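The values are calculated or read from the model by the stated rules, or taken from the named source; none is laboratory data. None of these values were measured; they are calculated from a predicted model. Using ideal geometry, Cβ is built from the backbone for each residue, glycine included, and neighbour counts are taken over all protein chains shown. To get the accessible areas, we keep the full protein, side chains included, count just its heavy atoms, and leave off ligands, DNA and RNA. Shrake-Rupley method; radii C 1.70, N 1.55, O 1.52, S 1.80 Å.
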Amino acid sequence: MDEPIRKIIHIDMDAFYASVEQRDNPSLRGKPVIVGGAPNSRGVVATCSYEARAYGIHSAMPSSAAYKRCPHAVFIKPDMEKYKRVSRQVMAIFRSCTDLVEPLSLDEAYLDVTNNKWGMTYATEIAKEIKRRIASELQLTASAGVSYNKFLAKVGSGYRKPNGLVVIPPSRAQQFIDRLPIGKFFGVGEVTEKKFLSLGIETGRQLRELSREELVQICGKKGLTLYENARGIDRRPVVPNRPRKSVGKETTLASDLYAIEDMLSVIESLCEKVSRTLTANDRAAQTITLKVKFSDFQQITRSMTVEEPIQEAEAMYAIARELMDKVQFEGRPVRLLGVYASKLRHIDELTKDAPQVVQLTLF
Ligand SMILES: [Mg+2]
């Protein structure tokens, strides 16, 4: 069965947090700006301006290391509320074109513009118009990748940053992929990249010489995705995030905690609170998220989704314990803990497929 060729755009704002700061404070323009932890903290670089990148500074680098490379850089504490506000404006521009917008973070999203509200035929023209509107309405720049699937659109947006526009039509896709360095493929992180390089596989063309079996042997299940991507195939749809309701409780600790046992007892009481709220609202949750903020303000979340929605504190706590095992504390003190329940379903909805949850509410 022949599927119609889709028109997918991936848009990624350039150095988003840093660009917003430079936009709002002209004295920062043209300067190396680092948004993230302070240089004398254990924080990391969240985003840095292109002027800072010239010094080899990049996201996720410890702020102290960034300071060593560029002591005259301007360090700015992230203002997430402001970035969220600007993000909503960016997403509103996307949604004026299509409802099929799938945000990946505050500053990037996939758009399926095969059918779009602007009535435009060419995806390239749409990408240009979106970039133009971001520039004129928000005084920011974005890079766009235009292609017929998510994989190629995303590779495209990262190909010529900043302010880039890369179009990969079906007729040029294979040639483009063949030349693509192995590290640019979806799912190939540093470790997998090293593995491929050690086997002499450096490009998409060489990747294409491997069978499915060989790829699975090298990197497990994602080898199957690589097999398809190397041939320009990626059928994943653009899925708009539905506004999700969630219930959560978090607490900033009176003093930093070091011992896992102490953290677990806090988490247990948070689970009880979340469970009470769920019960009071006749809701059960399928996803439990644990939030841990370290004393250096670095924050991580770990989530788990279960098949049967849960409501009771005990089940939630069992999941939270497992999630705690996935956190790398590395001896760092913790200042805040949180538990969130999402993918909520009304108890009445569950009678058909999960009677045991309803039963629990009877006790
Ligand atoms: Mg970005």
In the stretch 44-56, the residues that are under 18 Å from the mean Cα position of the chain (by Cα), more than 15 Å from LYS82 (Cβ to Cβ) and within 14 Å of the ligand (Cβ to nearest atom):
VAL45, CYS48
For the stretch 53-63, what are the residues that are over 13 Å from TYR17 (Cα atoms) and open to solvent by less than 80 Å² (accessible area, probe 1.4 Å)?
GLY56, ILE57, ALA60, MET61, PRO62, SER63
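Being under 21 Å from the mean Cα position of the chain (by Cα) and either aromatic (Phe, Trp, Tyr) or open to solvent by less than 90 Å² (accessible area, probe 1.4 Å) (or both) is the filter here; which residues of the stretch 64-85 pass it? Spell out how you get there, then give the answer.
Going through the stretch 64-85, the residues under 21 Å from the mean Cα position of the chain (by Cα) turn out to be 77-85.
Residues satisfying the conditions are PRO78, ASP79, MET80, LYS82, TYR83, LYS84.
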Quick check: is even one residue across the stretch 303-312 open to solvent by 70 Å² or more (accessible area, probe 1.4 Å) and closer than 30 Å to LEU215 by Cβ?
yes
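Determine which member of the set LEU104, LEU140 is within 16 Å of the ligand (Cβ to nearest atom), out of contact with any Gly (no Cβ under 7 Å at 6 or more places or on another chain) and part of a strand (DSSP E or B).
Numbers: LEU140 fails: part of a strand (DSSP E or B).
It is LEU104.
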For a quick check of your reading of the model, give me the residue pairs whose first member lies in the stretch 318-335 and is on the phi < 0 side of the Ramachandran plot, whose second is part of a loop (DSSP other than H, G, I, E, B) and not charged (D, E, K, R), with beta-carbon atoms closer than 6 Å and at least 6 apart or on different chains.
PRO333/TYR258; PRO333/SER295; ARG335/SER295
Which numbered condition VAL167 misses (of (1) of a type in the set (Val, Ile, Thr); (2) under 22 Å from the mean Cα position of the chain (by Cα); (3) under 19 Å from ILE5 (Cβ atoms))
(2)
Taking the stretch 313-363, which residues are at pLDDT below 90 and either open to solvent by less than 30 Å² (accessible area, probe 1.4 Å) or in a helix (DSSP H, G or I) (or both)?
ILE347, ASP348, GLU349, LEU350, ALA354, PRO355, GLN356, VAL357, VAL358, GLN359, LEU360, THR361
What tally of residues in the stretch 101-118 results from selecting those that are open to solvent by 40 Å² or more (accessible area, probe 1.4 Å) and aliphatic (A, V, I, L, M)?
2
From the list ASP99, ASP79, ASP112, ASP178, which residue is at pLDDT below 95 and more than 23 Å from ALA15 (Cβ to Cβ)?
ASP99
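Restricting attention to the stretch 187-203, and to residues there that are among the hydroxyl-bearing types (Ser, Thr, Tyr) and open to solvent by less than 80 Å² (accessible area, probe 1.4 Å), which single residue is farthest from THR225 (Cα to Cα)?
As a first pass, look at the stretch 187-203 and keep what is among the hydroxyl-bearing types (Ser, Thr, Tyr): 192, 198, 203.
Checking which are open to solvent by less than 80 Å² (accessible area, probe 1.4 Å) leaves us with 192, 203.
On the way: THR192: 14, THR203: 16 Å.
Result: THR203.
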Which of the residues that make up the stretch 249-295 are closer than 15 Å to LEU336 by Cα, among the hydroxyl-bearing types (Ser, Thr, Tyr) and in contact with a strand residue (DSSP E or B) (Cβ under 7 Å, 6 or more places away or on another chain)?
THR251, THR252, THR289, SER295
Residues of the stretch 10-43 being crowded, with 17+ Cβ neighbours inside 10 Å, away from the ligand (no atom under 16 Å from the Cβ) and of a type in the set (A, V, I, L, M, F, W, C), in sequence order, are LEU28
Check THR98 against each of (1) open to solvent by 10 Å² or more (accessible area, probe 1.4 Å); (2) of a type outside the set (A, V, I, L, M, F, W, C); (3) closer than 15 Å to ARG6 by Cα and name the one condition it does not meet.
(1)
